[in-house]
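Each remark here refers to the structure printed beneath this line.
The values are calculated or read from the model by the stated rules, or taken from the named source; none is laboratory data. All figures in this text were calculated on a predicted structure; none of them were measured in a lab. Don't worry about glycine lacking a Cβ; one is built from the backbone with ideal geometry, like all the others, and counts go over all protein chains shown. Ligands, DNA and RNA are stripped out before the accessible areas are found, and what is left, the full protein with its side chains, is counted by its heavy atoms. Shrake-Rupley method; radii C 1.70, N 1.55, O 1.52, S 1.80 Å.
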Amino acid sequence: TPVQIKEFGAVNKIDFSPVPPYNYAVTASSRIHIYGRYSQEPIKTFSRFKDAAYCATYRDDGNLLVAGSEEGAIRLFDISGRAPLRQFDGHTKAVHVVGFLSDKYRIFSGGDDYSSNLWDIPSATEIVSYNEHTDYVRCGCASKVNADVFITGSYDHTVKLFDARTKSSVMTIEHGQPVESVLLFPSGGLLVSAGGRYVKVWDVLKGGQLLVSLKNHHKTVTCLCLNSSGQRLLSGSLDRHVKIYSTTSYKVVHSFNYATSILSLALSPEDETIVVGMTNGVLNVKHRKPEERKEKSQKKRKPVYRTYVKGRTYMPKQEDFCVSKPVKRVLRKYDKLLKSFQSSKALDAVLEPPIRLYTPEVTVAVMQELHRRGTLRSALAGRDEKQIHLLLTFVARRVIEPRFTPVLVTVADMITDIYQPVVGQSAIVDRQFLRLQEAIGKEIDYQEELLEVLGMMDTLFATFTKKRATYLEENKSNGLTETAE
């Protein structure tokens with residue numbers, strides 16, 4: 001089940017630490033929160049920002065964290081401290097993209113002033129500034145193979161590859177839409193760009209040749225991510241979906257659906273956790289289920305044949321004491337269902353022809369037990385035409401038997417109460433209701449006739465008793481009445 005964490009604003013960046021215990025940094029509003037893998041509260045917070053913070057990114061050793069800001073300053077933090085170690089000033093507008101080059105001592109950045117800069121960490125100075133983009137620079141990444149190469153993507157529809165040893169970009173790729181996210185494969189040979197509804201894969205080694213263009217989203221694709229092995233590519237979009245592609249066939253192999261538009265996503269280094277940040281400030285954290293290890297069970301050696309036949313032919317002697325093996329009691333189907341509180345199925349089991357026709361007392365006993373438990377009404381409800389017909393047939397036939405009458409009158413009452421709204425919709429059911437009415441009507445007539453007979457007999461007995469008393473009064477002896485009982 002995913003864990004939902006509420007942030008202070010839209011989550012614009014999530015970045016996992018490359019070293020255990022694989023904490024992750026979440027940039028939202030004017031704060032950077034560090035979360036543990038399973039924590040629902042931040043274990044550390046960096047809040048030294050006057051305005052919005054952007055793109056908090058870990059260094060390869062997991063000790064430093066760099067972030068851009070709305071005021072144009074870039075701040076470098078030590079994970080164990082709180083105050084910034086360094087501040088890099090040079091951009092005149094908001095800095096939306098920052099990251100470390102793979103030599104760990106330089107930082108690249110891109111801002112809304114259209115510039116892409118390179119910074120030296122020890123001296124906190126600007127090494128070089130590239131002003132080749134003609135619109136906001138909103139995404140970028142560094143090569144893990146070459147420490148001098150980094151890439152930026154801009155809203156001017158281009159992706160540019162820069163080499164720190166040159167004074168201009170070494171490659172320009174036309175994406176066709178404002179670029180929201182760029183990604184380099186670990187080998188450094190393939191580049192993925194996302195913008196508009198498209199995710200495009202380019203071959204850098206062939207001068208930026210387009211390999212494949214994917215159009216699986218309905219709205220703007222905002223973020224990209226690779227798994228640890230590079231076999232799966234993930235893309236998040238404003239259409240609330242995360243699509244997972246196979247990097248061999250570039251076909252969608254899986255998809256996740258979320259509640260709101262997605263701005264950022266990240267996958268933990270060992271692919272155990274996926275974290276998605278949304279526009280409403282909610283973090284959605286999903287953990288992979290741990291795989292159950294199947295232990296190889298050693299096959300038990302079975303006894304030899306003579307073990308089974310040993311003592312079969314032994315005849316007990318006179319002084320022997322024979323112990324009989326207890327007979328295992330097997331529960332009937334309806335008893336098992338009653339034990340597991342499956343009321344409706346238990347009632348179905350006792351309405352099967354062998355029980356219903358030959359041992360109706362079992363059917364009535366189960367009905368009585370369900371009534372005692374208070375689940376009879378729910379067991380009778382929700383049945384189709386055929387089942388109602390079966391129930392009514394049984395009740396109409398057996399309700400007149402004195403031993404079943406108390407229970408079946410209650411059952412008939414409940415059936416009438418439950419299925420009264422559907423009377424008139426089925427000719428078969430209506431016929432059974434009429435049969436039940438007729439059976440009960442006849443029984444009432446019999447009862448009335450019996451009561452009349454009883455009344456007559458009471459009158460006869462009363463007359464007989466009075467005459468007997470008069471006869472006795474006449475035979476008095478010694479002033480005492482002799483009575484015989």
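Of note:
- Helical runs assigned H by DSSP (4 residues or longer) give the chain a calculated mean residue ellipticity at 222 nm of -8000 deg cm²/dmol, each run adding -39500 (n - 2.57) before division by the residue total.
- Compared with the alpha-carbon gap, the fully stretched path from Arg165 to Tyr305 is longer by 42.1 nm at 0.36 nm per residue.
- Cα gyration tensor shape of the stretch 7-103, rounded if a/c is under 1.5, else prolate or oblate by comparing a/b with b/c: oblate
- Spacing of the modelled spin labels on Thr260 and Ser213, each 7 Å from Cα toward Cβ, amounts to 3.3 nm.
- The chain: angle of helix 405-419 to the longest principal axis, Cα-based, in degrees nearest 10: 40
- Percentage of interatomic Cα-Cα distances in the stretch 2-287 larger than 34 Å: 11
- In the stretch 333-443, the inverse of the mean reciprocal separation of distinct Cα atoms equals 14.1 Å; this is its Kirkwood hydrodynamic radius.
- Contour minus Cα-Cα distance for Glu438 and Arg329 (0.36 nm per residue): 34.9 nm
- This model, with +1 at the C-beta of Lys and Arg and -1 at the C-beta of Asp and Glu, gives the chain a dipole about its Cα centre of some 2420 debye.
- Charge dipole of the chain about the Cα centre (unit charges at C-beta), most positive-ward option of Asn131, Tyr258, Leu101: Leu101
- Folded to 0 to 90 degrees: helix 427-474 orientation relative to the chain principal axis, Cα: 30
- Rolling a 1.4 Å probe over the protein heavy atoms gives the chain an accessible area of 59 Å² per residue.
- For Thr125 and His287, a Förster radius of 51 Å and the Cβ-Cβ distance give a FRET efficiency of 0.75, rounded to the nearest 0.05.
- Each Lys and Arg adds +1 at its Cβ and each Asp and Glu adds -1 at its Cβ; summed about the Cα centre, the stretch 333-443 shows a dipole of about 280 debye.
- Cα gyration tensor shape of the stretch 43-160, rounded if a/c is under 1.5, else prolate or oblate by comparing a/b with b/c: oblate
- Subtracting the Cα-Cα distance of Lys251 and Val145 from their residue separation scaled by 0.36 nm leaves 35.4 nm.
- Axis of helix 385-398 versus longest Cα principal axis of the chain: the two differ by about 20°, to the nearest ten degrees.
- Residues Lys336 and Gln447, FRET efficiency given R0 of 41 Å [Cβ-Cβ distance, rounded to 0.05]: 0.55
- Simple Cβ-charge dipole of the stretch 2-287, Lys/Arg +1 and Asp/Glu -1, about Cα centre, in debye nearest 20: 580
- FRET efficiency for the pair Glu41 and Glu71, taken as 1/(1 + (r/R0)^6) with r the Cβ-Cβ distance and R0 = 25 Å, rounds to 0.35.
- Positive-end residue of Leu347, Pro402, Leu436, charge dipole of the stretch 333-443 with Cβ unit charges: Leu347
- For the stretch 2-287, the carbon plus sulfur part of the accessible surface works out to 49%, probe radius 1.4 Å.
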